[in-house]
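**Q** Got a structure for you, questions after.
The values are calculated or read from the model by the stated rules, or taken from the named source; none is laboratory data. Bear in mind that the values here come from a model prediction, so they are computed numbers and not experimental data. Note that each Cβ is placed from the backbone with ideal geometry, even for glycine, and that neighbours are counted across all protein chains shown. Just the protein is used for accessible areas: all its heavy atoms, side chains included, with ligands, DNA and RNA removed. Shrake-Rupley method; radii C 1.70, N 1.55, O 1.52, S 1.80 Å.
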Amino acid sequence: MTTAYPVAQAETDRPAAEVAFAAFIRRLIQDASTLQAIDSGEVDAIIDPVSGRAILLPEAREALRQGAAPSNQMLATLSHEEYQRLLAAGLEPVTLAVGDILHEPGELIQQIYFPNAGLLVSLLTTVQNHMAFEIGLVGSEGMVGLPVAQGIDTASVRAVVQGAGTALRMESSRFREALETSPVLQRTLHRYTHALIAQITQTAACNRFHQVEARLARWLLMASDRLQSNPLRFTHEGLADLLGVRRVGITVAATALQQQKLIRYSRGNITVLDRAGLEASACECYQKIKDLFDRAYGGPVRFVEIPLPGQEQGR
Ligand SMILES: [Zn+2]
């Protein structure tokens, strides 16, 4: 350990589990400024580099349990009372790792998820003898398990975590019950349903008509809007599967974007260097989908601004 992180005082007065957790965090995080950020409450969750799993810090977990405003934008539309009712009905924080499958096509949707800022979930369609490819992306603007809200309990797509983070989760049956007494949530769900269908429709057209380079730029922008990190961690293979193209197509497209100094790609890390430039390189679908969400939500969807390298703030 080479960190300047101050050892917490009076550790003997703290419960053993809390002391053990603090020691675990100090083993995991070696960087003094990150530790200070955790200490001052600026950080809600950390990613375990070994498991890739996000670990929700105790204070953030407790705050969510106590009903602190969630970063999921659908839940944020609820009144304090409505949100408390959902918590009482079993809405609970959960951490999710890259690769976690929330449901498969044909499976019963046991639980629904409201991603917090930083979590990214892909909705994939599976076609016999082909790789599953992406038809929609869900971040903190949305919900996974939408059919449950429409009275359907079986999934038609695979939902898989692409970016680790936290979510608020609830048993499907209890969610359906809670929904009946929450007109605000019903309204928000209608709006989100409309926006998600529009996103899926636009993605279908995009996959048919647009070049791989423009599609890759569109996808990176959509992903970076929802993730809270720069660089993004994606391999060429993973991106090829998501976009339904051959790996070599992604390599050519990523190389072109890199040569234009819009991104930097190194060992699975994609750093967005020039957001405005990447937007100019993306197909029209990026802005169209963004506008659809803004219209459905009655104002700009509050995605997290990701600082570019060497900048304190986003663009
Ligand atoms: Zn497109």
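**Q** For GLN258, only one of the following conditions fails: (1) touching a Phe, Trp or Tyr at 6+ places or on another chain (Cβ under 6 Å); (2) within 16 Å of the ligand (Cβ to nearest atom); (3) open to solvent by 50 Å² or more (accessible area, probe 1.4 Å). What is its number?
**A** (2)
**Q** Sort out which residues of segment 78-114 are closer than 16 Å to LEU168 by Cα and part of a loop (DSSP other than H, G, I, E, B), and write them in order of number.
**A** LEU78, ALA89, GLY90, LEU91, ASP100, ILE109, GLN110
**Q** Something else: Checking ARG226 against (1) away from the ligand (no atom under 16 Å from the Cβ); (2) open to solvent by 40 Å² or more (accessible area, probe 1.4 Å); (3) charged (D, E, K, R): exactly one of these is not met. Which one?
**A** Result: ARG226 fails condition (2) only.
**Q** Report the residue count in segment 159-181 for those that are outside any loop (DSSP other than H, G, I, E, B) and over 14 Å from LEU108 (Cβ atoms).
**A** 15
**Q** I'd like to verify a number: residues in segment 180-215 that are surrounded by fewer than 18 Cβ atoms within 10 Å (Cβ to Cβ) and more than 16 Å from the ligand (Cβ to nearest atom), how many?
**A** 11
**Q** Listed residues LEU78, LEU120, LEU108, LEU124; which is open to solvent by 10 Å² or more (accessible area, probe 1.4 Å) and within 16 Å of VAL161 (Cβ to Cβ)?
**A** Testing whether each residue is open to solvent by 10 Å² or more (accessible area, probe 1.4 Å) and within 16 Å of VAL161 (Cβ to Cβ) leaves just LEU124.
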